[in-house]
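> Quick one: this structure, given as structure tokens, is what I'll be asking you about.
The values are calculated or read from the model by the stated rules, or taken from the named source; none is laboratory data. Everything numeric in this text was worked out from a predicted model, so none of it was measured. All Cβ positions, glycine included, derive from the backbone under ideal geometry; neighbour counts span all protein chains shown. Heads up: the accessible areas ignore ligands, DNA and RNA and are worked out on the full protein's heavy atoms, side chains in. Shrake-Rupley method; radii C 1.70, N 1.55, O 1.52, S 1.80 Å.
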Amino acid sequence: MRPIGTATRGTTNPNRLRRMDRWIAATHGPALRRADHPVAVDLGYGAAPWTAVELLHRLRTAEPRTAVAGIEIDPERVAAAKPYEREGLTFLHGGFEIPLPERPDLIRAANVLRQYDEGEVASVWQRLCARLAPGGLLVEGTCDEIGRRHVWVALGPEGPRTVTFATRLGSLDRPSDLAERLPKALIHRNVPGEPVHAFLRDFDRAWAAAAPYASLGARQRWIAAVRSLSGDWPLADGVRRWRQGEVTVKWDALRPNP
């Protein structure tokens, strides 16, 4: 079967996806521990295998039995990654069809759909979610080249659940700086009248109001701003995650207008 999808630019850097990986390990770790044979997919890992290698390491801190399959549509990238295979880590030629005999418990697709048209996102989400094991998770999003700013959507077999904004707080001027890293489903919706635009507007206002906390550090200012934001927006996490420079919002609150 011919792989489904098209080759991406393949840009990758070590540690680029650390924020996403740590969130996955923390929030999806219990599901991996419940699985009989937990399997995760690094879909479209790019021109070098670093992100798949790192995903294995980070997920095994949550569940040591986890295996990772790196899947790439470019066969030359697969061949280049083969020397890095080890126990629990394999590299396969494929695409959105996910060429595994089993249904994975996790699919991570970082910086993949950003290179597709917005109109293609829903069908790709649906295809990938259909491949998940019961209780599985699809994480799809975008980050900058060194992983300082990252936004991702988490989806279950039933569809999208949440949107997470994550950043290195020391590099942040205002929360709306994260708009440039919105995933494809949202990046063209950051305009007046759309929920994601309203959310980032309110976040900037809360950040400005929390300016007195800056003397205590960027982390305390972020926590104060997010706590204020929680009065108007349905957040799906708490202070433990906020301290990491994260905030997770329920998808229905940011769902694009028809």
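> Please state which of the following conditions Val247 fails to meet, knowing it meets all the rest: (1) farther than 21 Å from Asp21 by Cβ; (2) outside any helix (DSSP H, G or I); (3) under 20 Å from the mean Cα position of the chain (by Cα).
Unmet for Val247, out of (1) farther than 21 Å from Asp21 by Cβ; (2) outside any helix (DSSP H, G or I); (3) under 20 Å from the mean Cα position of the chain (by Cα): (1).
> Just to be sure I understand, how many residues within the range 190-205 are in contact (Cβ under 8 Å) with a residue 12 or more places away in the chain and open to solvent by 10 Å² or more (accessible area, probe 1.4 Å)? Spell out the reasoning first.
Of the range 190-205, the ones in contact (Cβ under 8 Å) with a residue 12 or more places away in the chain are 193-196, 199-204.
After this cut, where a residue has to be open to solvent by 10 Å² or more (accessible area, probe 1.4 Å) as well, the list is 193-195, 201-202, 204.
Matching residues across the range 190-205 total 6.
> When you scan the range 1-42, how many residues do you find that are touching a residue at least 24 places away in the same chain (Cβ under 8 Å) and assigned to a loop (DSSP other than H, G, I, E, B)?
Result for the range 1-42: 19.
> Given the structure, is Pro212 more than 22 Å from the chain's Cα centre (by Cα), surrounded by fewer than 20 Cβ atoms within 10 Å (Cβ to Cβ) and of a type outside the set (Asp, Glu)?
Working: more than 22 Å from the chain's Cα centre (by Cα): yes; surrounded by fewer than 20 Cβ atoms within 10 Å (Cβ to Cβ): yes; of a type outside the set (Asp, Glu): yes.
Considered against the rule, which asks whether it is more than 22 Å from the chain's Cα centre (by Cα), surrounded by fewer than 20 Cβ atoms within 10 Å (Cβ to Cβ) and of a type outside the set (Asp, Glu), Pro212 comes out as yes.
> For the range 188-207, what are the residues that are aliphatic (A, V, I, L, M) and touching a Lys or Arg at 6+ places or on another chain (Cβ under 8 Å)? I'd like the intermediate steps shown before the answer.
Let us first name the residues in the range 188-207 that are aliphatic (A, V, I, L, M), namely 191, 196, 198, 200, 206.
Residue satisfying the conditions is Val196 alone.
> Now for a different question. Could you pull out every one of the strands (runs of 3 or more DSSP E) wholly within the range 113-189 that has 3 or more residues that are open to solvent by less than 20 Å² (accessible area, probe 1.4 Å) and not hydrophobic (A, V, I, L, M, F, W, C)? Reasoning before the result, please.
Numbers: elements: 137-143, 149-156, 159-167.
Hits in the range 113-189: 137-143, 159-167.
> Give the residue that is nearest to Arg22 (Cα to Cα), with candidates limited to residues of the range 90-102 that are without any contact (Cβ under 8 Å) to a residue 60 or more places away in the chain and open to solvent by 10 Å² or more (accessible area, probe 1.4 Å). It would help to see each step written out before you state the result.
Applying the first criterion (without any contact (Cβ under 8 Å) to a residue 60 or more places away in the chain) to the range 90-102 yields 90-92, 98, 101.
Checking the rest, the ones that are also open to solvent by 10 Å² or more (accessible area, probe 1.4 Å) come to 90, 92, 101.
Numbers: Thr90: 21, Leu92: 24, Pro101: 27 Å.
Among those residues, the one meeting the criterion is Thr90.
> When you scan the range 40-54, how many residues do you find that are open to solvent by 10 Å² or more (accessible area, probe 1.4 Å), closer than 25 Å to Met1 by Cα and under 16 Å from the mean Cα position of the chain (by Cα)?
1
> Still on this structure, I have one more. Within the range 55-89, can you find the residues that are open to solvent by less than 60 Å² (accessible area, probe 1.4 Å) and either of a type in the set (Gly, Ala, Ser) or assigned to a strand (DSSP E or B) (or both)?
Once the filter is applied, which keeps residues that are open to solvent by less than 60 Å² (accessible area, probe 1.4 Å) and either of a type in the set (Gly, Ala, Ser) or assigned to a strand (DSSP E or B) (or both), the range 55-89 yields Ala62, Ala67, Val68, Ala69, Gly70, Ile71, Glu72, Ala80, Ala81, Gly88, Leu89.
> Give the number of residues within the range 64-89 that are without any contact (Cβ under 8 Å) to a residue 12 or more places away in the chain and aliphatic (A, V, I, L, M).
1
> Moving on to the next point. Please go through (1) touching a Cys at 6+ places or on another chain (Cβ under 7 Å); (2) more than 20 Å from Ile107 (Cα to Cα); (3) of a type in the set (Lys, Arg) for Arg181 and return the number of the only condition it doesn't satisfy.
Result: Arg181 fails condition (2) only.
> In the range 218-244, which residue that is assigned to a helix (DSSP H, G or I) and within 24 Å of Glu194 (Cβ to Cβ) is most open to solvent (accessible area, probe 1.4 Å)?
Taking the range 218-244 and keeping what is assigned to a helix (DSSP H, G or I), we get 218-229, 239-242.
Among the residues that remain, those that are also within 24 Å of Glu194 (Cβ to Cβ) are: 222, 225-226, 228-229.
Working: Trp222: 0, Ala225: 0, Val226: 0, Ser228: 71, Leu229: 7 Å².
The selected residue is Ser228.
> Right, here's the next one. For the range 11-31, which residues satisfy the criterion of being open to solvent by less than 30 Å² (accessible area, probe 1.4 Å) and either within 16 Å of Phe165 (Cβ to Cβ) or not basic (Lys, Arg) (or both)? Steps first, answer last, please.
The first filter runs over the range 11-31 and keeps only residues open to solvent by less than 30 Å² (accessible area, probe 1.4 Å), leaving 12, 16-17, 20-21, 23-25, 28-29, 31.
Answer for the range 11-31, where residues must be open to solvent by less than 30 Å² (accessible area, probe 1.4 Å) and either within 16 Å of Phe165 (Cβ to Cβ) or not basic (Lys, Arg) (or both): Thr12, Leu17, Met20, Asp21, Trp23, Ile24, Ala25, His28, Gly29, Ala31.
> Would you check if there is a residue in the range 107-120 being free of Cβ contacts under 8 Å to residues at least 40 places away in the same chain, polar (S, T, N, Q) and closer than 21 Å to Ile187 by Cα?
Scanning the range 107-120 turns up no residue that is free of Cβ contacts under 8 Å to residues at least 40 places away in the same chain, polar (S, T, N, Q) and closer than 21 Å to Ile187 by Cα.
> Which of the following residues is free of Cβ contacts under 8 Å to residues at least 24 places away in the same chain and either among the charged types (D, E, K, R) or in contact with a Ser or Thr (Cβ under 8 Å, 6 or more places away or on another chain) (or both): Asp173, Asp232? So that I can check it myself, show each step before the final result.
Numbers: Asp232 fails: free of Cβ contacts under 8 Å to residues at least 24 places away in the same chain.
Every option except Asp173 fails the conditions.
> Here's a follow-up. Between a first residue in the range 43-63 that is free of Cβ contacts under 8 Å to residues at least 40 places away in the same chain and under 12 Å from Leu89 (Cα atoms) and a second residue that is surrounded by fewer than 20 Cβ atoms within 10 Å (Cβ to Cβ) and of a type in the set (Ser, Thr, Tyr), which pairs have beta carbons less than 7 Å apart while being 6 or more apart in sequence or on different chains?
Val53/Tyr84
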